[in-house]
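Presented below is the structure to which this report refers.
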Amino acid sequence: MKNATFRQLRVFNAVARHLSFAKAAQVLHVSAPAISMQIKELETAVGMPLFDRQGRKVSLTTGGEYMLVYARKMLALLKDAEDAAARLQRIETGKLMIGMVDTATYFIPALLNRFLEERKGIELVLQVGNRSNLIDWLNNSEVDIAIMGRPPSEMSTSSESFAANPLVFVASPEHPLAHVKGLRASDLRQQSFIVREQGSGTRTAMEAFFTQARFQPQFTMELQSNDAIKQAVKANLGLSFLSTHTIELELSTQQLCILDVHKTPVERAWNVVHMMSKMLSPAAEAFRNFVLENAESHLAKQFGSHKP
């Protein structure tokens with residue numbers, strides 16, 4: 001594959017990540033035909049098909065799965081070289097790749113806006129996923145920095161806490177428990193819960209809470225975004241367990257309320273995480289420092305303190 005280009009590898013990686021030519025085109029800001037052309041040229045250079053295409057359904061071939069491993073290694077090595085060049089020049093420019101959990105989208109964009117105001121030379125790439133996604137992205141060098149709750153213990157990372165992340169039980173104001181004071185965990189035993197998918201840090205924290213209370217709650221609905229969960233709770237389909245950073249608007253408009261449950265809020269922390277084996281670029285290092293210095297005061301100003 002001596003004729004393959006880094007552009008083709010980037011396109012291949014994007015299509016493999018999303019398993020969609022259209023989504024890859026959207027992420028890379030090019031046309032779908034351009035994506036198809038790049039993949040066709042790469043397959044010619046490699047000498048085998050990389051994807052199976054059945055209508056709009058796309059999947060990696062066995063050869064594609066093998067090639068993806070090496071493509072990601074080459075792209076990571078190229079990114080390391082670009083970062084090394086930036087460090088040698090001591091400039092805060094280049095590509096900054098940030099991964100974040102869904103909950104962080106409620107405050108990180110505003111911080112990023114402040115960060116980028118004086119750093120016009122940085123090309124920003126954002127990826128949003130659950131905790132499992134972020135671990136994969138860190139391990140594959142697909143993000144420089146991850147904003148997440150509980151840092152991974154299964155690999156060698158540097159993690160630094162920058163703010164508290166209070167987790168609470170929420171309900172529709174019409175729910176029978178909405179205005180009851182002094183609830184215990186056992187009072188929730190017969191309730192239906194709307195939860196995030198497996199791999200979500202919020203769900204893990206909720207399950208740990210109920211494990212300590214020595215019972216398994218009834219999960220009636222599993223949704224993959226905080227916004228979808230909030231809509232379901234507002235419709236009084238059940239209770240949920242969310243970060244207070246996700247419910248500011250709904251509390252202020254009285255569409256949701258926080259339940260007064262003993263031993264809540266459950267206090268977790270927000271962390272900025274990167275791989276120990278990866279030296280941060282000047283842009284990534286600048287963002288890390290900015291988060292550590294400014295995020296806590298920003299969160300306090302934006303969200304304040306919420307009580308049942």
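Of the residues Ala300, Ala232, Ala228, Ala283, the single one that is open to solvent by less than 20 Å² (accessible area, probe 1.4 Å) and closer than 30 Å to Phe115 by Cα is Ala283. In the set Met48, Met37, Met74, only one residue is touching a Gly at 6+ places or on another chain (Cβ under 6 Å) and farther than 30 Å from Ser161 by Cβ; that residue is Met48.
The residues of region 120-161 that are open to solvent by 40 Å² or more (accessible area, probe 1.4 Å), small (Gly, Ala, Ser) and assigned to a strand (DSSP E or B), listed by number, are Ser159, Ser161.
Restricted to strands (runs of 3 or more DSSP E) entirely inside region 6-119, those with at least 2 residues that are touching a Leu at 6+ places or on another chain (Cβ under 7 Å) are 57-60, 94-101.
Among the residues of region 211-228, just one is in a helix (DSSP H, G or I) and touching a Phe, Trp or Tyr at 6+ places or on another chain (Cβ under 9 Å), namely Asn226.
Among the residues of region 252-287, those identified as of a type in the set (D, E, K, R), over 16 Å from Phe107 (Cβ atoms) and under 21 Å from the mean Cα position of the chain (by Cα) are Glu267, Lys278, Glu285. Among the residues of region 162-177, is any touching a Cys at 6+ places or on another chain (Cβ under 9 Å), surrounded by 14 or more Cβ atoms within 10 Å (Cβ to Cβ) and part of a loop (DSSP other than H, G, I, E, B)? Among the residues of region 162-177, at least one is touching a Cys at 6+ places or on another chain (Cβ under 9 Å), surrounded by 14 or more Cβ atoms within 10 Å (Cβ to Cβ) and part of a loop (DSSP other than H, G, I, E, B), which makes the answer yes. Taking the listed residues Gln218, Gln190, Gln198, the one that is open to solvent by 40 Å² or more (accessible area, probe 1.4 Å), under 24 Å from the mean Cα position of the chain (by Cα) and of a type outside the set (Phe, Trp, Tyr) is Gln198, with no other qualifying. Screening Leu111, Leu126, Leu138, Leu134 for residues that are farther than 27 Å from Leu77 by Cβ and modelled with pLDDT of 90 or more leaves exactly one candidate, Leu111. Give the residue that is farthest from His262 (Cα to Cα), with candidates limited to residues of region 191-208 that are modelled with pLDDT of 90 or more and in a loop (DSSP other than H, G, I, E, B). By that ranking, first place goes to Arg196.
The values are calculated or read from the model by the stated rules, or taken from the named source; none is laboratory data. It should be emphasised that the depicted structure is a prediction, and the values quoted were computed from it without experimental measurement. Note that each Cβ is placed from the backbone with ideal geometry, even for glycine, and that neighbours are counted across all protein chains shown. Areas reflect the complete protein model, heavy atoms only, side chains present, ligands, DNA and RNA absent. Shrake-Rupley method; radii C 1.70, N 1.55, O 1.52, S 1.80 Å.
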